[in-house]
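**Q** Right, I'll just put the structure down here and ask away after.
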Amino acid sequence: MDDVTAAKMNFRKEQWKQLILERQASGLSINNWCQQHGFKRTTYFYWLRRIRQEACQTLPEPQAVAPVPFVQIGTETVPNTVPNPVTGLKPLSQKASIHIRLKGADITITDGTSPQTIRATLLALKNYVR
């Protein structure tokens, strides 16, 4: 590609960068914006793809991510009955549950707990651990 052609392509690419930013700021859909400005959708997406590809090529190489430390979880045998002072032994519920013990906090999440409650509990635990 000669210098004149390269300069033309760079000029058009810069024009399209501005046009794409204007379209995004306008709040119009791509279809409506292209109709109002007399462009074909294919032309818009062609330049959008070229500009994105160029932007991706200029990104720095990703750095190595430090490994995330995990905590070893031990297993313990849980009896299937619990003491009951009135009737003797009482069978435990057979429902699944998760029990978390961490820095003095004991949390049990039973089967059927709503996702919102689980999310709130884990967020509170996360803040507690910090």
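The values are calculated or read from the model by the stated rules, or taken from the named source; none is laboratory data. Since this is a predicted model, take the numbers as computed values, not measurements. Positions of Cβ are backbone-derived with ideal geometry, glycine not excepted, and every protein chain shown enters the neighbour counts.
**Q** For the subset of the stretch 15-56 comprising residues that are of a type in the set (A, V, I, L, M) and assigned to a helix (DSSP H, G or I), which member is surrounded by the fewest Cβ atoms within 10 Å (Cβ to Cβ)?
**A** Going through the stretch 15-56, the residues of a type in the set (A, V, I, L, M) turn out to be 19-21, 25, 28, 30, 48, 51, 55.
Of the ones still in play, those that are also assigned to a helix (DSSP H, G or I) are 19-21, 25, 30, 48, 51, 55.
On the way: Leu19: 16, Ile20: 17, Leu21: 10, Ala25: 8, Ile30: 15, Leu48: 16, Ile51: 15, Ala55: 10.
Only one residue fits best here, namely Ala25.
**Q** Moving to a separate point now. Could you say whether any residue in the stretch 57-74 is in a helix (DSSP H, G or I), at pLDDT 65 or above and out of contact with any strand residue (DSSP E or B) (no Cβ under 7 Å at 6 or more places or on another chain)?
**A** Filtering the stretch 57-74 down to residues in a helix (DSSP H, G or I) leaves 57.
Cutting the leftovers down to at pLDDT 65 or above gives us 57.
Keeping just the survivors that are out of contact with any strand residue (DSSP E or B) (no Cβ under 7 Å at 6 or more places or on another chain) gives 57.
Yes, because at least one residue in the stretch 57-74 is in a helix (DSSP H, G or I), at pLDDT 65 or above and out of contact with any strand residue (DSSP E or B) (no Cβ under 7 Å at 6 or more places or on another chain).
**Q** Turning to a different aspect of this structure: Since Lys95 meets every condition but one in (1) modelled with pLDDT of 60 or more; (2) out of contact with any Ser or Thr (no Cβ under 7 Å at 6 or more places or on another chain); (3) more than 30 Å from Arg12 (Cα to Cα); (4) loosely packed, with under 11 Cβ neighbours inside 10 Å, which condition does it not meet?
**A** (2)
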